[in-house]
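Remarks on the structure that follows.
The values are calculated or read from the model by the stated rules, or taken from the named source; none is laboratory data. In this text, all values refer to a predicted model and were calculated from it rather than measured experimentally. Note: ideal-geometry Cβ built from the backbone for every residue, glycine included; neighbour counts use all protein chains shown. The area values use the complete protein model at the heavy-atom level, side chains included, leaving out ligands, DNA and RNA. Shrake-Rupley method; radii C 1.70, N 1.55, O 1.52, S 1.80 Å.
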Amino acid sequence: MNFYDHPQRLLEDFQSGSPKSLRESDGALSLGQRGRCYFGKPLALSLALFVLSSAEVCAEAIKLGYAALTAGQVAPWMAKEAGYFSKYGIEAELIYIPAVAATQALIAGEIQLAQVTGVSTSGAILAGADVRIIASVQDRLAGSIYARPEIKTPEDLKGKKLGISRFGAVSETGAAMFLARFGLKRGTDVAIIQLGGLPEIVTAMERGAVDAGFANPPQTSRARRLGMRELFDLNALGVELQQTCVTVTTKYLRERRPVVRSFLQAYTEGLHRFMTDRDYSIQVLKKYLRVDDRELLDDAYSFYSQRLQKIPLPTIKGIKFILDEMAERQPRARNVAPESFVDISLLQEIEQSGFFKQLWKN
C-alpha cells in the first residue's frame, strides 16, 4: 500500500505532541556539530553562510549498513549515486553488512543507521536494544521458496536441507511460514541451513549443498535460469510484515535529529528517482547488486518498483505479525506494544512541511 494517497495516516495512527518547528528541524547544522566544515577567513565564512545553504558548507559523515543484496534495499543506493545525500549536507558511506549483523553493528555504534528487516530489529528491541524503526519501504513479505529440479513438491523436502541467509532474518521467517503451510516440521522433517546471504542460497542449491532455499529478485531469476523449481510463492500470501526498514538508536536520533531528518529527505528522494527513472535505476542496481545481466536487473526493477512505498511509513500490523511469530519462543513478545518499536515523528514533520506532496506532485 502506498501511503501518499492517505498522508493523514501519519498523524492518525500515532499519538504525538506538536512537531518541532521547521526552523528547528530543517536540516541546518550548527558549527559545533560533528562533520567536516570548510572555511577560510571569517568574512568569507559569514558570506558563505549567508549565501549558501548549510548542506553546501558542511558535510555530516554517517555510515549506513544495508543488510541484503536485493533490489528492495535500493533507496539509499539511489540517494547516494544521484547526489541526494550531498544535497542535504550528508556524506554517506554505505556498507553491506549481511542480515542481523547490521543491527548488531548499529547497537555497537559502528554505524549510525541501518537498513535491515523488522524481524532482526524486533528481536533486538525485545532483547533490550534501544533502537527504533524510523522508516519503511517494504511492508509485505516478498520472496519465494525455490528447489533443485528433482524436488517436485514441498513433501519431497522431507529429510532434505533448506537454505536461509541467517537466523533471525526475513528468509528464516519465510522458510518457517512455508514449512508450516505444508505441515513440515523444522529440524525433524527439514533441516534449516544458514548460508550468510541471499546470493549464497542460490549458489548452494546449484552446488547441491542444500535442496531448496529462500529467494527474491534478482535471485529468483537466477534460480530459474539454473533450472530450479519454484515450490511456493510467498508473495501470494499477501502477508503484511515489516520487511525492509531504516533503524537508528534513540541516542543518535536525539543527538543528531536534524541529520536524521535530512537523511530521510534524501532517502525518499532516492525512492522517487527509483520509481520514476528506470534506466538510471538499472545502472545503480547493477553496481550494488554486482550483477551485469540486464534481464535479471529488469526483473528486479519490475518487481520492486511496484512494491516499494512512496512514503516510507512503518507498518504496525506488520510488526505485530512478527511479534506474534516470536511469541512461542519469547513469551515477552505477547506483552509489548508494536507502536513502541517505531518513531515516526520525523516523517510527520516532513509530511507537514509539504515535502512529500511537492516531491510527488508530478
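So here's what we get for this one:
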{"read-out": "Amide hydrogen neighbours beyond the local backbone of Ser165, cut-off 5 Å, H modeled", "value": "Ser171, Glu172, Leu195"}
{"read-out": "Distant-in-sequence amide H partners of Val342 (H built 1.01 Å from N, under 5 Å)", "value": "Ile133"}
{"read-out": "Value of relative contact order over the range 125-243, rounded to a whole percent, pairs C-alpha under 8 Å and six or more apart", "value": "44"}
{"read-out": "Cβ crowding within 10 Å averaged over residues, with 67-77, 180-190 ranked highest first", "value": "67-77, 180-190"}
{"read-out": "Residue-wise HN-Hα coupling along the range 240-254, computed from phi with Karplus coefficients 6.51, -1.76, 1.60 (Hz; x: Gly, Pro)", "value": "7, 9, 6, 9, 7, 8, 9, 10, 8, 6, 5, 5, 5, 4, 5"}
{"read-out": "Restraint check, Lys80/Lys286; Lys80/Lys357; Lys63/Lys87; Lys158/Lys185; Lys80/Lys251; Lys87/Lys251, Cα-Cα greater than 19 Å", "value": "Lys80/Lys357; Lys80/Lys251; Lys87/Lys251"}
{"read-out": "Aspartates and glutamates whose Cα lies under 16 Å from that of Lys361, excluding same-chain neighbours fewer than 8 positions away", "value": "Asp5, Glu269, Asp277, Glu351"}
{"read-out": "Arg222 accessible area, 1.4 Å probe, all protein chains in place, Å² to nearest 10", "value": "60"}
{"read-out": "Whole-Hz ³J(HN,Hα) from phi, Karplus 6.51 cos²θ - 1.76 cosθ + 1.60, for the range 162-176, glycine and proline x", "value": "10, x, 10, 6, 8, 5, x, 9, 4, 4, 5, 4, x, 5, 5"}
{"read-out": "Accessible-area value, Asp277, 1.4 Å probe, nucleic acids and ligands omitted, Å²", "value": "40"}
{"read-out": "Karplus-derived 3J(HN,Hα), 6.51/-1.76/1.60, for each residue of the range 291-301, Hz, glycine and proline x", "value": "10, 10, 10, 4, 5, 5, 5, 4, 4, 5, 5"}
